[in-house]
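The structure appears right after this line, and notes come after that.
Nothing in this text is a laboratory measurement; each read-out follows from the coordinates by a stated rule. Bear in mind that the values here come from a model prediction, so they are computed numbers and not experimental data. Counting neighbours? That spans all protein chains shown, and the Cβs are built from the backbone with ideal geometry, glycine included.
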């Protein structure tokens, strides 16, 4: 692509690089200059224009963005993504329903490494998105790109992202208490709001003493698809009350602890086919914490392994809620 100032008489067919104001109107950048435009510009006293001209083999910005979007998402229905219309070199991808987005970061990096004018930006890996939420944007920065570079980018792109929709639609929150005081309502309220945002429902409240036997009985009796446990005393060991209760109910504890703060004291496992999450105390706050990253994936049927959790440390230093009883610095 050639770019620069040319005499007005030579500008026809070029792409206008900068918007130009004319009496009563405005020629916007990106417009293909016509003979009528040249006449209007000459009448307004212009004698030169900055334009872009495509070389043989170049692909215009909108066509290039549309081609790359189709390569990234060759089967939109299967990926549960919607490809938007190309305009000003941009195509946006939106999700078709609530879920979490799986992104092949290596493929996105490979696409972005082909040519500096060919770009793709996505939300973070496993980001939860509402219905119609934006998952990615493809932007061709220049007015055209070389066709061979576009072909290479498209070859690198194949099926780089897909949405995992909500799979589990019901959850039970079991809270434990020490003494006779009921659990503070903010915990249940925060959990309900998280589930509602993901399209799931919270079942009836269950409160038991902070002891292994009654908690194990409540876990075993739950009919929800996902079981959540929020204890009156923080879990501080792999064999503390809540993990032991899950084992006593016949379940398995897969992992305790995570390199995300707030969220360190999370554990997760399963009872039969049911996922079970032992929530950290910070889940009582509406602020983002490590439990959100595990809960959202599990609700969408995405397997979470101990290795997945141990890989959350980079980016795992989250904003500290003001209500935290033991601040990092205080």
| query | With the chain treated as a Gaussian network of Cα nodes joined by springs under 10 Å, which of 149, 135, 171 yields the largest mean-square fluctuation? | reply | 149
| note | Expressed in angstrom and ordered largest first, the alpha-carbon extents of segment 272-330 along the principal axes are 42, 23, 16
| Say R0 is 35 Å: what FRET efficiency, to the nearest 0.05, do residue 44 and residue 85 get from their beta-carbon distance? | 0.60
| remark: Scoring the chain by relative contact order with C-alpha pairs under 8 Å, at least six apart, yields a percentage of 13 percent
| Based on the mean of other beta carbon atoms within 10 Å per residue, what is the order of 188-201, 290-303, most packed first? | 290-303, 188-201
| request: State, as an integer percentage, the relative contact order of segment 58-164 based on alpha-carbon contacts under 8 Å between residues 6 or more apart. | output: 41 percent
| Where in segment 158-177 is the amide nitrogen less than 20 Å from a point lying 7 Å along the Cα-to-Cβ axis of residue 77? | 159-166
| field | In degrees, nearest ten, helix 212-221 long axis to first principal axis of the chain (Cα) | value | 60 degrees
| query | If you take the beta carbon distance between residue 70 and residue 324 as r and set R0 to 51 Å, what does 1/(1 + (r/R0)^6) give as a FRET efficiency, to the nearest 0.05? | reply | 0.65
| said: Restricting to bridges with both residues inside the chain, how much of the DSSP beta-bridge set is antiparallel, in percent to the nearest 5? | reply: 75 percent
| request: May I ask you to work out the translational diffusion coefficient for segment 2-43 at 25 °C, viscosity 0.890 mPa s, via Stokes-Einstein with Rh from the Kirkwood sum over Cα pairs, reported in whole µm²/s? | output: 235 µm²/s
| query | Based on DSSP, what percent of beta bridges with both residues in segment 170-310 are antiparallel, to the nearest 5? | reply | 40 percent
| remark: At 25 °C in a medium of viscosity 0.890 mPa s, segment 69-210 has a Stokes-Einstein diffusion coefficient, with Rh taken as the Kirkwood radius over alpha carbon pairs, in µm² per second, of 140 µm²/s
| request: Please work out the Cα center distance from segment 43-79 to segment 252-330, rounded to the nearest Å. | output: 43 Å
| What number in nm² do you get for the chain if you take the convex hull of its Cα atoms and divide its surface by four? | 22.3 nm²
| said: What distance in nm separates the two pseudo spin-label positions at residue 248 and residue 170, each 7 Å out from Cα along the beta-carbon direction? | reply: 2.6 nm
| What translational diffusion coefficient, in µm²/s and rounded to a whole number, does the Stokes-Einstein relation yield for segment 218-330 at 25 °C and a viscosity of 0.890 mPa s, taking the hydrodynamic radius as the Kirkwood radius over Cα pairs? | 171 µm²/s
| query | What FRET efficiency would be calculated for the residue pair residue 12, residue 96, taking the C-beta separation as r and a Förster radius of 41 Å, to the nearest 0.05? | reply | 0.40
